[in-house]
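Asks: The structure's right below; bear with me while I get my questions together.
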Amino acid sequence: MTVHRAGAVAMLAVSATSVAGCSPTLPRFEATLAAHDSATQALGEWCAARGIARPATIRAMADRDAHDASPPAVRKALGVTADEPVAYRHVRLACGGTVLSDARNWYVPARLTPDMNRTLETTDTPFGKVVMPLGFRRERLEARRGRMAECPASTVLSHRAVLRLVGGTAISLVVECYTRANLAPVRTAR
């Protein structure tokens, strides 16, 4: 009985480790994300430090066909009425050929400049980079090891956050689903 119980405890410990990403790298990745208001900036830093790609440039591979009505909870988090337009952007953030995040972003076009809206609609420039001149701050609503409902099954870390201007006005609600590629061993230069 004692041997069986010890084995079960060991299996649970291994299972918990695999859910947490199979790596002591996960806490370092979480700390990198927490140190930045922009996930784009954090991923760029992480990509460079881990040698994922050179140069460590983050690009947003946008799904131009993605459409998502903004649910009441999104509108409430953004502080908009039922009549105010909310845009939706679904992207995979990649460094080189490696996808690091699958992100869903609801944002208020009226709170951005016309140039920012045009860039978001027509390019693969990440949202964080486009709106960086606004000096936004991230308000993390939820962080979870593993996946949230909106995330793919292979997600190792999920975040839900509101991006706010200095005065507190929300410009975006984002759900970020970070991939296992973030936990790969450090790649050395060849």
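Asks: Tabulate in residue order the Karplus-calculated ³J(HN,Hα) for segment 169-185, using 6.51 cos²θ - 1.76 cosθ + 1.60 with θ = phi - 60°, rounded to whole Hz; enter x for Gly and Pro.
Replies: 5, 6, 10, 7, 10, 10, 10, 10, 10, 8, 8, 4, 4, 5, 9, 5, x
Asks: Here is a follow-up. Compute the accessible area per residue over the chain, keeping the other protein chains in place, probe 1.4 Å, unit Å².
Replies: Here the per-residue accessible area is 53 Å².
Asks: Determine how large the accessible area of residue 30 is when every protein chain is in place; take a 1.4 Å probe and give Å² rounded to the nearest 10.
Replies: Here the accessible area works out near 50 Å².
Asks: Here is a further query. In degrees from 0 to 90, rounded to the nearest 10, what is the angle of the helix 2-19 Cα long axis to the longest principal axis of the chain?
Replies: Around 30 degrees separate the two axes.
Asks: Also, I was wondering about something else. With θ set to phi - 60° and the Karplus curve 6.51 cos²θ - 1.76 cosθ + 1.60, what are the ³J(HN,Hα) couplings of segment 131-145 in order, to the nearest whole Hz, using x for Gly and Pro?
Replies: 8, 3, x, 6, x, 6, 10, 8, 10, 6, 8, 7, 9, 9, 6
Asks: Just want the answer: with Cβ charges of +1 for Lys and Arg and -1 for Asp and Glu, which residue in 49, 73, 60 is farthest toward the dipole's positive end in segment 25-73?
Replies: In segment 25-73, that residue is 49.
Asks: So how tilted is helix 25-34 from the main axis of the chain? Cα-based, degrees 0 to 90, rounded to 10.
Replies: With both axes taken from Cα atoms, the answer is about 20 degrees.
Asks: Normalised by the residues of segment 137-190, what does the relative contact order come to in percent, with Cα pairs under 8 Å and at least six apart?
Replies: That works out to 31 percent.
Asks: A further question follows. Quick check: the angle from helix 39-50's long axis to the longest principal axis of the chain, C-alpha only, nearest 10 degrees?
Replies: Between the helix axis and the principal axis of the chain, the angle is about 40 degrees.
Asks: Ratio to report: Rg/Rh of segment 17-113, with Cα atoms as the point set and Rh obtained by the Kirkwood method; give two decimals.
Replies: 1.04
Asks: Taking just the C-alpha trace of segment 61-190, give me its Rg and Dmax in Å.
Replies: Using the Cα atoms of segment 61-190, the pair Rg, Dmax is 15.2, 54 Å.
Asks: Of the accessible area of the chain, with the probe set at 1.4 angstrom, what percent is carbon plus sulfur?
Replies: For the chain, the apolar C and S fraction of the accessible surface comes to 58 percent.
The values are calculated or read from the model by the stated rules, or taken from the named source; none is laboratory data. None of these values were measured; they are calculated from a predicted model. Backbone-built Cβ (ideal geometry, glycine too); neighbour counts: all protein chains shown. Ligands, DNA and RNA are excluded from the accessible area calculation, which covers all protein heavy atoms including side chains. Shrake-Rupley method; radii C 1.70, N 1.55, O 1.52, S 1.80 Å.
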